[in-house]
Structures are given as C-alpha cells and as structure tokens.
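Reading through the structure tokens given below for one structure.
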Amino acid sequence: MEQAPKIISKEIYRSDTGQWLADAQNFRTALFTQIRVNAEPRTYEQRISANSNRAWYCLIPVGGTSCTMNVNYSYTTDRGLEFIHIISGKNGNAIYDNLAGAFTANWDTNPPVINTAKINRSSKNVTMTVTDNDRVNGWQIGAWDTREFGVTLKNAAGNIIQQPAQSWTESDYKTKNAVISYAGLPDGRYNVQSVYAKDLVGNIGTLSLNEDLLIDSTAPSITYRYENADPDGKLVKGLENLRINITDPSGDATLESLVLSGGPNSELVTLAFTSQGNGSYTPEYPRIYPVETSEDGFYTIEASAVDASGNRSSKKLNFLYQPANMITLDRMRTLATAVALKTSDNQPLAYIRTSILRRQDGSVITGELSGTLTVRKDAKFPLTLAGVTVAPGQTRVIVFDMGQGEERIYPVTPGIPGVTGSSQFALEFPQL
C-alpha cells in the first residue's frame, strides 16, 4: 500500500543575501528564488509545488529524497504578511495532495514617524513621541512594530554617541512615548544632533534637533556674606545688608527659594528676594524681632539653588539679628494695670518720648507717622501703645500723631491687668 509524501525539512533561498533559510522571517525587502525540500523516499514520483503558483514545482524521483524548485517571491514595497505554502503529492494524481508546510514572509518598507522630540535639561533626558502607522490593532499587532529609540549626540571631541532609551509607554496601539536619559554621560558640552526610532526590520525614522547641550552634574555653591565676612553665628544688622551668592561652573544657577526660621517667635516664613546681578541676592526685608544674644535663639536662613541642568543644593545660615537703625530703650517699669497711671508730676509710669523725627532725606516728619509694634512671642502679657493692643507673637500697625514735628509722649501699658512679668517689644518706622 502506498504512503502519502512526508516532508522532512524545507529551505527557501534568499537571492538578495545569498542565504538558504529555514524560514523567510522579518525583513525590509527581499527576493526569494528557490525552495529546496527533503522528503522520505516513495515508490512513486513525488511532486512538490508552491500553493500560490502551481507552475512552480519540482519532482522527486522514485526512491529519491530531495528536489529544488524555482520560484519568484519579491517584496519591495509597503508592508505585508504572506504565508508561502508548499503542496506535496503524487505526480500525475491529486490523491495525496496536501499542505506540507509554509514559510512566513513579513516585510515592511515604511519607517516610523517621529512626531515630537524635546530636550529636558532639568530632568537630564530627551522625550520623544513616535507613530508606527504600519502597526495594526489585532492578532497581527506584533508583526509590524517599533521598539528601539534613541538620541544621537556629538561631544566636544567630535565623537558620535548614540544613547538608547531604556523604556517607553504607549498612548495607543501605534503611538509610543520614549524617554532617553543622558544623565550617565560625562560632564561637558555636546550637540544633540537628532533622535531616531527603529522598527523591527531596521527602518529608521529620524528628527533633527541640532541643539547645544551642557551636561553638568555639579550642584551650585552657596555662600553668605555680611560686611565682606562670613556671618554664620554672628550679629547681622539689617538683612538688607546680607548677600547670598550663588556660583556654578555652568554659569546658569539661580536662587530658587529662601526660608527664614527660628528666633524668639519661632518664625517659619518663605522670603522674597532680589537679584543684585552676578549671582548675588538680597532677601526682602522681613519684619522679625531682634535677637542680640544666643539665649534668645538664633535665626536660620536656608537658601536653595538650582542650575539649568537640575542640580540642586541648599545651605543654612545661623545668625543673630537686629535692624540696621535699631535704638534700644531702657527697661521700663509699670504696675500690673491696663490703665495709663501717672506719677505726681503728671508723667506716665512707662512711656515713649519722641523728639523731632526726621526722614532719611533729613526732612522733619509731621502729621501721622505709621509704623508697626511687635510683641515677642514669649511675652507675659500684651502691650498697649497709641491706642493699639498687641498680643504676644503679634505685629500690628500703630500711628503716632507728630503734629508739626514737636516732641510727643505715648504711654506704654499692659494690655490686660493683674499679670506680672516682662514683655519685650519692638517698634519699626520705615520712614526713619
């Protein structure tokens, strides 16, 4: 009894590369011109043909085991997927005709499209969005795909560097978002020439950038200066005289934030600041209580700086503080009453006496003089001055009526009666 043909192995010849292959596999373009088959011997002549064109065939003689047929499978445009089926049978009789195997040809001549690309200097990476219009949302989703992304750079020595992406995300089935980090490259100046995306068969899409890039991993340096000296742990008279200096090899570092904390009132406030040029900054003048001894607690300023490469640094300064034009009053004593008591000569028990006051330009101050009264947070009782009562830890606006510039007396009294102890306060008049 005769047996049907049985194929043992098969190969297809790719003439554009000169290779015999077990399968056609994935490729950009290809030309296949021969198929070779090995089969078990039979007592009849076997016919091996291509299912797509039965005129392409070869014959295995009686007792023979192989034959080679000429074919013409050319893939040079667009993209596609084809199964090259082989039919085996008995020559002259279709009784044994059967599918005996297949080669898979998967071709793609279309490069992916790079939609956008951006250098993110602070994050030290390049982001890009890529579309592969050949990809399909179905069982063939893996047949045509783009999975390789990168950036091409040139360093100062003229060497070309290709930096690949380590991962990516998908916006939809044909759009990918890649992130290429260059943080591991040595510091120096580079030119980001282009980004690229490569699909499974080697089609490459590129997008030119041609942007200069400074890779800098050195954090900015922060120093504090007051009267040309390091003020750490020392008395600073007027924060407007304090300088915060930011230096960085890249020359593009800036002060990012300035935070004040500590002092007798346990301050915690973010300060504004003004650039003086050349990396030097001055804090905007805060209203804080003077601290002249370490027993009252140091103030702390923490400056944070950042450069264009995203390197950050911070530094703290501990200091004592008093306003630049501060006048210290003698300790005043009064009774534990909220009433402005007077002595026998008609003077308040505790008071502030103003002489003729002048502005910074020398003119005499007349009429209303506005200022602020601050009572220390650790004060034992609130204070009342010029009709305004200020609780411990508070600052309120007060107004002195200077008349035509003559001397004035303003009583200072406890804000509540019956409390003993001391309350320290500060007056500030910006016009003086």
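FYI, it's all coordinate maths here, none of it is from the lab. These figures come from a predicted structure and were not determined experimentally. Here the Cβ positions follow ideal geometry from the backbone for every residue, glycine too, while neighbour counts run over all protein chains shown.
Results, tabulated for the structure shown:
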{"item": "Pairwise label distance in nanometres, Ile160 with Asp78, each label 7 Å out on the Cα-Cβ vector", "result": "3.3"}
{"item": "In segment 226-328, the trypsin sites (Lys or Arg not before Pro) that fall in loop regions by DSSP, at most 11 other Cβ within 10 Å", "result": "none"}
{"item": "Relative pair counts by distance (%), Cα atoms of segment 351-428, 5 Å bins", "result": "3, 15, 24, 23, 14, 11, 7, 2, 0"}
{"item": "FRET efficiency estimate (nearest 0.05) - Cβ-Cβ, Glu11 to Ala94, R0 22 angstrom", "result": "0.30"}
{"item": "Using a Förster distance of 41 Å, the FRET efficiency for Asn53-Ser123 (Cβ separation, nearest 0.05)", "result": "0.15"}
{"item": "Most mobile listed residue (Pro417, Pro231, Pro382) in the chain, GNM with C-alpha springs under 10 Å", "result": "Pro417"}
{"item": "Estimated inter-spin distance, Ser363 and Ala183, nm [label 7 Å along Cα→Cβ]", "result": "5.8"}
{"item": "Under 20 Å from Lys90, Cα to Cα: lysines that are on another chain or at least 8 residues apart", "result": "Lys6, Lys10"}
{"item": "Total formal charge among the other residues, if their Cβ is under 14 angstrom from that of Thr127, Lys/Arg +1 and Asp/Glu -1", "result": "+3"}
{"item": "Cleavage-rule hits, GluC sites (Glu not before Pro), segment 275-319, DSSP coil, Cβ neighbours within 10 Å at most 13", "result": "Glu284, Glu292"}
{"item": "Highest average packing first - 76-88, 13-25, Cβ atoms within 10 Å", "result": "76-88, 13-25"}
{"item": "Approximate shape of the chain as ellipsoid semi-axes (Cα gyration tensor, √5λ), whole Å, largest first", "result": "93, 22, 16"}
{"item": "Size of charge dipole - the chain - debye, nearest 20, with Cβ of Lys, Arg +1 and Asp, Glu -1, no other charges", "result": "440"}
{"item": "Unit charges on C-beta of K, R, D, E only; dipole of segment 113-215, Debye", "result": "220"}
{"item": "Percentage relative contact order, segment 123-183, counting C-alpha pairs under 8 Å, at least six apart", "result": "44"}
{"item": "Over 21 Å between alpha carbons, listed pairs Lys118/Lys154; Lys234/Lys315; Lys124/Lys315; Lys174/Lys198; Lys118/Lys198", "result": "Lys124/Lys315"}
{"item": "Amide hydrogen neighbours beyond the local backbone of Gly101, cut-off 5 Å, H modeled", "result": "Ile86"}
{"item": "Choice from Leu59, Leu209, Leu255 with maximal GNM fluctuation in the chain (Cα, 10 Å cutoff)", "result": "Leu59"}
{"item": "log₁₀ of I(q)/I(0) at q = 0.13, 0.18, 0.23 Å⁻¹ - segment 5-128, Debye sum with one point per alpha carbon", "result": "-0.57, -0.90, -1.25"}
{"item": "Under-5 Å amide H pairs with Gln34, H placed in peptide plane, nonlocal only", "result": "Tyr13, Val71"}
{"item": "Inter-label distance for Thr270 and Arg312, nm, one decimal - labels placed 7 Å from Cα along Cα-to-Cβ", "result": "1.2"}
